[in-house]
Structure formats: structure tokens, C-alpha cells
Amino acid sequence: MQPEAFFRRRRLQSLLFLLIITALTYGGILMTQFDVTQGLMAIPRAFSWAIANFIPDERAWSRLPRILEKLQETVLMAVASSSIASVFGLGLALLGANTTRPHPWFSLPARALASVFRNIDVSVWALILLFSFGQSGFTGFFALFFVTLGFITRVMVETIDEVSTDSVEALRATGAGYTAIISQSVIPACLPQLISWVLYMIETNIRSATLVGILTGTGIGFLFDLYFKNFSYGSASLVVLLTVAVVLIIETVSNYVRRVIL
Amino acid sequence: MTILEVDSVIKRYGTETVALDNVSFSVQPGEFVAIIGPSGAGKSTLLRCINRLIDVTSGDIRFAGVSVPQLRGAALRRHRTQIGMIFQHYNLVNRLSVIENVLHGRLGYKNTLQGILGLYSEQEKRDAVRILETLGLTEQMYKRCDQLSGGQKQRVGIARALVQKPKMLLCDEPIASLDPSSAKVIMDTLQDINRTMGITVLVNLHQVDVALHYAERIIGVNKGRIIYDGAPHALSNAQIYQIYGSEAGELILDLKERYAA
Ligand SMILES: Nc1ncnc2c1ncn2[C@@H]1O[C@H](COP(=O)(O)OP(=O)(O)OP(=O)(O)O)[C@@H](O)[C@H]1O
Ligand SMILES: [Mg+2]
């Protein structure tokens, strides 16, 4: 193929792509009868309304102790569910990984279980668990627990096979027992990755916990819901600002830890 | 008195692959044996059957008078403690220090709790330090293994095997990933261990010239069968052809002549 022909085809492809996108957008606007100009016009208005209403007022600041208490509750819930689920996730990963499974039969069930837990979204878990635990802290805890369990199992199965196959073989050859091999070679070899993933899950789970709290009526999500529905926009905004601050702090800390251990 | 007797061993993978096809030989204590053969001949399989990392399909292996294929549980672990293994890729825990990796060689002697906690006696630690000294790794003792060169990693692998106080070493292509000078250090070390400590050495090698130089006895394998079993100097060109097939054999003989010249 000549270079000109090649580039002509490239240009045609790009043009076609652009046309399809335009058609899809236009079709979407027509179908939903969304008025683009009005939508765009609304943006500045939305901003000025937000600025007028969402600046934390004096009432909001007087509620600070209560907000902080609930925020702490949510953060602790996220940390607890993440770390406990990670321990179980590591256990399940040891059963599922090719290198460490006690018997080939364990592999498929362990991986399948992880897959189910992970592929059901945290909000769906919360809805399912509402039936068994009602609007309580347990619902949120277990929703986060299940998702984290699935996720950690999935990533650790791969990590274990990646980093410890060779050393496991060597320790088996020395006559070491199964538990000694796990604790002396598999766990040291994949601990940095595990910690890194647990930190990641804690970050994710603080955000999820806020949303799940709205559903289950617990933690900081509950407070936000309450204030928002009572038109205390200033207080709701303070909740959001504090949550964002906490998320940023946790992210900074965990990035630092990651740099140190990896 | 033999230390190892391999008796009509057959190893099949699935129904198709016959990795070992009726292999028999015996090894005297203190022998230095090189196993040579082309890729896929079954060399690794043979070593792994001896310490039971894999099970034989049929036949018997006796080590120090004990029949290996029937071993289970604690008896199997005791069997493995008597045999050190050295790998092409060293198979260390890279994130741990040299001394920790060496002490892993003692785990076969531990009960469950000691194993989980990694509890080693003072004597064991002293032994590990002494072995590292003789292998010239004193300065690397507390370094992480991922900071070592290939040759140093392999010496850590040897140290880990030696703290087991083994009767025999199985080496699966110990120098295949090393540069010539590190390879020489490793082969000299193995020879020294064999001579001064009287430990039997079985080593898989790709390099025929190295095998001929170090080994007292050569076992040549092709497609799971033993083609040659005898002294290095008695290995004829025709037999090298038989082991490696004609083209590769040609190349190997070329190299051999250039070495001799
Ligand atoms: N786990 C396994 N599953 C199935 N087949 C295997 C397995 N391991 C080895 N084989 C087959 O058995 C035969 C012998 O393999 P082996 O690894 O023992 O050869 P080798 O002589 O060590 O080769 P190399 O010099 O390449 O290491 C080969 O045909 C190989 O494909
Ligand atoms: Mg091999």
C-alpha cells in the first residue's frame, strides 16, 4: 500500500468516527428532548445557587462535633471492613492460587466465589443485605466486606502465582511443611502488594461507605441525607467538604506508605 | 553400598508424554554425576522424581535404603531434608535477606509452630553464618537478595541447600543463567563441596564441555531413555550424536575440539 493511500484511509476512518459520534449525540438529544442551550444556560445559575446555599453557615458549624463523630464512624467502618475482608481474602487467595492450593479442587470454587462477590456492586450488596440486617451498621459493613473480599482474592491469586511459585518449589524441596512455606515465603513475598491493595480498598471503601450510608441510614451518609432533605444545605455542604478532606488525607497517607514499602 | 538406586522408573505426563522411559541407574556415595541431554529429554523430571516434587508413574527409587515413591507426610519431609536442591533461577525469596533465605533450608526440620514463626536455634544461625563465610558471602549476609548478582544468588541457593546438612545435592542447570566466570565459581564450589564434604552431587547440565570437565561420571539422556552411563573420557563422538541428534551433536563436537586445541 502506498503511504498516501494509507493516510487517506486513516483520514476517512477518523471522519467516519466523528460522524457517528455526532449522529449519536444528536439522536440522544432528540430522543430525550434535552434542550442543549437551556442546559448550558443553567450551569452558571446552578453555580450561583450552589455558592449561595452551600456555604457552611453558623448552624452547620454548630453541628461540627456530630458530623465529625459520624465521619469517624464511617471511616472506621471502612477501615475495619477492608482489613478484616483482606485477611479472609488472602486466605481464599491461598486456596485459589495454583502455587498454594492444598488440592487442585480448591482452585475453581475459590475463584468463582471471589468472582461473584466482586462482580456484584457494593450498592446492590447493600440492597440485598438490607433484607437480613435492616437499616443498621451491619448492612454497610458486610456490603463493603463482600466486595473487598472478592477484590482482594482476585488480585492476590495473581500476585501469589507471580511472585512465589519458584520459592515455594524450593521450600518444598527442603522438606518444609505447608504452613511454614506459606508464612516464610509466600506471605513475605506478596506482603507489599497486599498492603498496597488494602490501602486502595480503604480509600475506595470510604467513598462507598458514604453512599451506602445513605441507603442504610448510618454514618456520614445518613447525616448528609438528613440535612439535605431538611433543606439545611449549609450543613450538608460541610459534610461533603469534610468527607472530601478525609479522603484526600487518607490518600496522601497511603501513597506515602506505598512509596516506603514498595 | 549405594546411596541412590533408580529402578525401572517410568514417568508419564497425561497419557501422551513419556518423560522418563524405563530409567535405571545407581549412584555411590560421594560420586559427582552430570546428566546431559537435549531440551525436553527428561533431566528435570528425573531430579524432581528423586526428591518427590513429582510422583513417578511406575518403578522404584531407593534413597539411603528407603523406597521413595511410597513416602507420605512426615516421612516424605524427612526424606527431602536429606537432599538439597539447586535451581537454574535460584528460587529465593527476593524480598528477604540472604541469611533468612539460607535459614529456610532448616524449615524441613521444624514442627508446625516453629515453622510458622520461623524460629531457628542459635546453633542453626551459627551454621548459616559459617556456611555463608565459606562461600564468600559474609558481606552480603544482611542484604536483600534482589540486590545480589546472579552468581551471588546462586551461592545463596547453595548455602540454603548446605544448611540442610544433606547427603546429596540435586542441581538443575545451576549455571544456565550465569556468565562464564560466575559459572566457573559455582561449578568449582560444587566440586569442592563434593570433595571436602563427601556430599553426592547430581547435576543437570546443558554444556557438555563443563560436564566433561567436572563430572566423574556422565549420564546421557534422550527422549527419557539413558543413552550413555559411564566415565567422561569413554564418551564417544557417536554417542554424543545419539544423545543430541546429528546437527546439535556436530556443534557440540566442534566446540569440544576447539576447547581441546
Ligand atoms: N508439568 C508438566 N506437564 C506436562 N508435561 C511436562 C511437564 N513437565 C515436563 N513435561 C514434559 O516432559 C518432558 C521432559 O521435560 P523435562 O523438563 O524433564 O526436560 P529437560 O530435560 O529438563 O529439558 P530442559 O533442558 O529444557 O530443561 C518434555 O517433553 C516436557 O514437555
Ligand atoms: Mg529442565
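The values are calculated or read from the model by the stated rules, or taken from the named source; none is laboratory data. The shown structure was predicted, so the numbers you read here are calculated from the model rather than taken from an experiment. For neighbour counting, all protein chains shown are included, and Cβ atoms are generated from backbone atoms with ideal geometry for every residue, glycine included. Quick note on the areas: whole protein, heavy atoms, side chains included, nothing else; ligands and nucleic acids left out. Shrake-Rupley method; radii C 1.70, N 1.55, O 1.52, S 1.80 Å.
Structure data summary
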{"item": "Complete set of residues in segment A:62-90 that are farther than 17 Å from A:THR139 by Cβ and open to solvent by 30 Å² or more (accessible area, probe 1.4 Å)", "result": "A:SER62, A:ARG63, A:LEU64, A:PRO65, A:ARG66, A:LEU68, A:GLU69, A:GLN72, A:VAL79, A:SER83, A:VAL87, A:PHE88"}
{"item": "Count of segment B:128-152 residues which are in a helix (DSSP H, G or I) and either closer than 19 Å to B:PHE87 by Cα or free of Cβ contacts under 8 Å to residues at least 40 places away in the same chain (or both)", "result": "15"}
{"item": "Count of residues meeting criterion [open to solvent by 10 Å² or more (accessible area, probe 1.4 Å) and at the interface with chain A (Cβ under 7 Å from one of its Cβ atoms)] in segment B:88-107", "result": "4"}
{"item": "Which numbered condition A:VAL212 fails, given (1) among the hydrophobic types (A, V, I, L, M, F, W, C); (2) open to solvent by 20 Å² or more (accessible area, probe 1.4 Å); (3) touching a residue at least 40 places away in the same chain (Cβ under 8 Å)", "result": "(2)"}
{"item": "Tabulated pairs, segment B:3-25, first aliphatic (A, V, I, L, M), second open to solvent by less than 20 Å² (accessible area, probe 1.4 Å) and part of a loop (DSSP other than H, G, I, E, B), C-beta under 8 angstrom, 6+ apart or interchain", "result": "B:VAL18/B:GLY224; B:ALA19/B:GLY42; B:ALA19/B:GLY224; B:LEU20/B:GLY42; B:LEU20/B:GLY224; B:VAL23/B:GLY42; B:VAL23/B:GLY224"}
{"item": "Filter result (surrounded by fewer than 20 Cβ atoms within 10 Å (Cβ to Cβ) and either without any contact (Cβ under 8 Å) to a residue 60 or more places away in the chain or over 26 Å from B:GLY30 (Cβ atoms) (or both)) within segment B:63-76", "result": "B:GLY65, B:VAL66, B:SER67, B:PRO69, B:GLN70, B:LEU71, B:ARG72, B:GLY73, B:ALA74, B:ALA75, B:LEU76"}
{"item": "Number of the exception - B:GLU250 against (1) open to solvent by less than 70 Å² (accessible area, probe 1.4 Å); (2) in a helix (DSSP H, G or I); (3) more than 22 Å from B:SER24 (Cβ to Cβ)", "result": "(1)"}
{"item": "Set B:SER26, B:SER44: member being closer than 15 Å to B:ILE219 by Cα, surrounded by fewer than 16 Cβ atoms within 10 Å (Cβ to Cβ) and under 17 Å from the mean Cα position of the chain (by Cα)", "result": "B:SER26"}
{"item": "The listed residue being crowded, with 16+ Cβ neighbours inside 10 Å, in contact with a helix residue (DSSP H, G or I) (Cβ under 8 Å, 6 or more places away or on another chain) and closer than 19 Å to B:GLY84 by Cβ, out of B:LYS110, B:LYS125", "result": "B:LYS110"}
{"item": "Segments classed as helices (runs of 4 or more DSSP H), wholly inside segment A:26-107, with at least 3 members that are of a type in the set (Gly, Ala, Ser)", "result": "A:36-53, A:64-96"}
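To keep it simple, each residue is scored yes or no on (1) more than 16 Å from ligand 2 (Cβ to nearest atom); (2) in contact with a strand residue (DSSP E or B) (Cβ under 6 Å, 6 or more places away or on another chain); (3) in a loop (DSSP other than H, G, I, E, B).
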site	(1), (2), (3)
B:ILE10	yes, yes, no
B:LEU20	no, yes, no
B:PHE25	yes, yes, no
B:ILE35	no, yes, no
B:SER39	no, no, yes
B:LEU47	no, yes, no
B:ARG52	yes, no, yes
B:ASP55	yes, no, yes
B:ILE61	yes, yes, no
